[in-house]
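Since the structure comes first, as structure tokens, the remarks are kept for the end.
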Amino acid sequence: FKMCPGRVLCKLPCSGEKEVDLAVQSAKAAFKIWSQMSGMERCRVMLEAARIIREQREEIATMETINNGKSIFEARVDIDISWQCLEYYAGLAGSLAGEHIQLPGGSFGYTRREPLGVCVGIGAWNYPFQIACWKSGPALACGNAMVFKPSPFTPISVVRLAEIFTEAGVPKGLFNVVQGGAATGQFLCQHPDVAKISFTGSVPTGMKIMEMAAKGIKPVTLELGGKSPLIIFSDSDLDNAVKGALMANFLTQGEVCCNGTRVFVERKILDTFTKEVVKCTQKIKIGDPLLEDTRMGALINQPHLNRVQGFIKQAKEQGAQVLCGGDLYVPDDPKLKNGYYMRPCVLGNCKDDMTCVKEEIFGPVMAILPFDTEEEVVERANATKFGLAGGVFTRDIQKAHRVVAALKAGMCFINNYNVSPVELPFGGYKSSGFGRENGRAAIEYYSQLKTVCVEMGDVESVF
């Protein structure tokens, strides 16, 4: 593959009902083998997959950059998180167990943690390879099979993951990839042999998936959108807070669901903080994402770039002030002239009722809002339908823990932002979804508990 900004990379046929059924049936057959293997046997195969990914880190990161448009610097981090995820769940695979409960008279009960069957993973286009690992890691560790559908905008790198799993020794068909859009997703969700659905994407699509899953009484995990608050108190380390704000807004061209795009700044440091954030934002190197010093690549496609630009235009109409960026960027390199580039944007003079503050933009747009008291900012931070993440910057550790305890969000950060180690559960409150990815918590969503009650004496009959 080569960088082809604004041009078609390749064409992949969409999987129809027949192809989806073949993928599910293939996964179902592989599940019978995989689910009967011991946890340690699954562990060894998953460790081998992690080793291959680690060994081919540069090749896969380059593929992901071309697939998505993010900088190679970020793509390498994504690939590292991916193999770490498989290593983590490989380590848990051999330790999955139920418990023994003593009952009166020598009787006892025990629980078994059993796999669900064929699970469906539906990924987003911002972290294609990483999301596929986040979903397949716990699924496979628990003994499940998975059929994965990547976004039609980023179909390439997940196919490589499927090849890697096969090379590592999983049964043929255990991790299958189908390609397509909404229709393919619908065939997957409605398939009678699918046991569970895990979706990462928008709130409207999540609602549709939940409706389809309800008809089959299928459990779902939904990791949806966000409009997360980042609260900067006046006693914070200013340089660190500015770095945090940039990390919370401009990773992957701002196309991150948990981004802290509502930046609440205590009024007494508003001017100083804003000046520093603008200065640092203007220094972000935009351009060819395969160059080592590039820190911001291209947005995913033209319609999305137009949508982000529309939010900025509306923000200005509603009284927000563009402090920097927001305009289209044309790199000097002629081969990049058709790329979907824009300068990262910082908006000042923002109010809570503005569209740019209420709705998820999913682009490199930061909104700065002043506040005066802790009580006030917590109330405003929670005044949203979303609840994916939240961040606090302060040197007062008691205040930090007090504020994150009050935030209605599933993933909170203190004096950092957008750090996602695989050991920690990730997921949202409210319209940002439910269920958890990563950590031991994900095991609960890819397994089911069977209770067995054993009587050691005669049955006590009431008849």
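Assorted remarks:
- Flag for residue 137 being surrounded by 22 or more Cβ atoms within 10 Å (Cβ to Cβ), closer than 29 Å to residue 16 by Cβ and not hydrophobic (A, V, I, L, M, F, W, C): yes
- Note on region 199-245: residues that are among the small types (Gly, Ala, Ser), touching a Gly at 6+ places or on another chain (Cβ under 8 Å) and surrounded by fewer than 22 Cβ atoms within 10 Å (Cβ to Cβ) amount to 1.
- Test for residue 354: is it within 26 Å of residue 237 (Cβ to Cβ) and either open to solvent by 10 Å² or more (accessible area, probe 1.4 Å) or touching a helix residue (DSSP H, G or I) at 6+ places or on another chain (Cβ under 8 Å) (or both): no
- Candidates 199, 233, 250, filtered to the one that is in contact with an Asp or Glu (Cβ under 6 Å, 6 or more places away or on another chain) and within 26 Å of residue 426 (Cβ to Cβ): 233
- Residue in region 299-321 that is touching a Leu at 6+ places or on another chain (Cβ under 9 Å), surrounded by 15 or more Cβ atoms within 10 Å (Cβ to Cβ) and part of a strand (DSSP E or B) present: no
- Criterion: over 23 Å from the mean Cα position of the chain (by Cα) and either modelled with pLDDT of 95 or more or more than 24 Å from residue 243 (Cα to Cα) (or both) - qualifying residue of 407, 369, 388: 369
- Within region 52-81, being among the charged types (D, E, K, R) and either open to solvent by 10 Å² or more (accessible area, probe 1.4 Å) or in a helix (DSSP H, G or I) (or both) holds for 54, 55, 57, 58, 59, 64, 74, 76, 78, 80.
- Answer from 329, 341 - the residue that is of a type in the set (Ser, Thr, Tyr), assigned by the TED database to the domain that holds residue 281 and open to solvent by 40 Å² or more (accessible area, probe 1.4 Å): 329
- Any chance residue 394 is among the hydroxyl-bearing types (Ser, Thr, Tyr), open to solvent by 10 Å² or more (accessible area, probe 1.4 Å) and more than 26 Å from residue 224 (Cα to Cα): no
- Checking 417, 429 one by one, the residue that is open to solvent by less than 50 Å² (accessible area, probe 1.4 Å) and in contact (Cβ under 8 Å) with a residue 24 or more places away in the chain is 417 and no other.
- Some residue of region 446-457 being open to solvent by 40 Å² or more (accessible area, probe 1.4 Å), in contact (Cβ under 8 Å) with a residue 12 or more places away in the chain and over 30 Å from residue 106 (Cβ atoms): no
- Checked against (1) part of a helix (DSSP H, G or I); (2) modelled with pLDDT of 95 or more; (3) not hydroxyl-bearing (Ser, Thr, Tyr), residue 105 passes all but a single condition, namely (2).
Residues checked against (1) without any contact (Cβ under 8 Å) to a residue 40 or more places away in the chain; (2) more than 22 Å from residue 358 (Cα to Cα); (3) among the aliphatic types (A, V, I, L, M):
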{"position": "267", "(1), (2), (3)": "no, no, no"}
{"position": "271", "(1), (2), (3)": "yes, yes, no"}
{"position": "276", "(1), (2), (3)": "yes, yes, no"}
{"position": "284", "(1), (2), (3)": "no, yes, yes"}
{"position": "293", "(1), (2), (3)": "yes, yes, no"}
{"position": "298", "(1), (2), (3)": "no, yes, yes"}
{"position": "301", "(1), (2), (3)": "no, yes, no"}
{"position": "312", "(1), (2), (3)": "no, no, yes"}
{"position": "318", "(1), (2), (3)": "yes, no, no"}
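- Candidates 93, 132, 97, filtered to the one that is surrounded by 24 or more Cβ atoms within 10 Å (Cβ to Cβ), more than 22 Å from residue 179 (Cβ to Cβ) and free of Cβ contacts under 8 Å to residues at least 60 places away in the same chain: 93
- Taking residues in region 242-255 that are touching a residue at least 40 places away in the same chain (Cβ under 8 Å) and of a type outside the set (A, V, I, L, M), and partners anywhere that are open to solvent by 10 Å² or more (accessible area, probe 1.4 Å) and in a helix (DSSP H, G or I), the pairs with Cβ atoms closer than 9 Å and at least 6 places apart or on different chains are 252/74; 255/304.
- Whether a residue is of a type in the set (Ser, Thr, Tyr), surrounded by 23 or more Cβ atoms within 10 Å (Cβ to Cβ), in contact with a Pro (Cβ under 9 Å, 6 or more places away or on another chain) and assigned by the TED database to the domain that holds residue 90 was assessed, and residue 157 passes this test.
- For region 9-20, a residue qualifies if it is part of a helix (DSSP H, G or I) and buried (at least 17 other Cβ atoms within 10 Å of the Cβ), and the qualifying residues are 19, 20.
The values are calculated or read from the model by the stated rules, or taken from the named source; none is laboratory data. Fair warning: this is a prediction, and the values are worked out from it, not measured in the lab. Neighbour counts are summed over all protein chains in view; Cβ atoms, including those assigned to glycine, are modelled from backbone coordinates with ideal geometry. Quick note on the areas: whole protein, heavy atoms, side chains included, nothing else; ligands and nucleic acids left out. Shrake-Rupley method; radii C 1.70, N 1.55, O 1.52, S 1.80 Å.
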